[in-house]
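Read-outs: derived from the displayed coordinates by stated rules, not from any lab. Being a predicted model, the structure only gives us computed values, none of them experimental.
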Amino acid sequence: MPGLTAWTGFFDVGKPKKGDYVFVSAASGGVGQLVGQLAMLTGGGGGAIM
């Protein structure tokens, strides 16, 4: 379920473009970790707070 939540929130709601900066405020949880990985895979920069 965390994977589906991360995917839906990141791609369907966020609609990131290459080069966008992604800030994840809860990167210690399962969803936050996956969002961080998705951000790196799509070519965006990122920041996180654990």
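So here's what we get for this one:
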| read-out | value |
| --- | --- |
| Value of relative contact order over the chain, rounded to a whole percent, pairs C-alpha under 8 Å and six or more apart | 43 percent |
| Square roots of five times the Cα gyration tensor eigenvalues for the chain, Å | 15, 13, 8 |
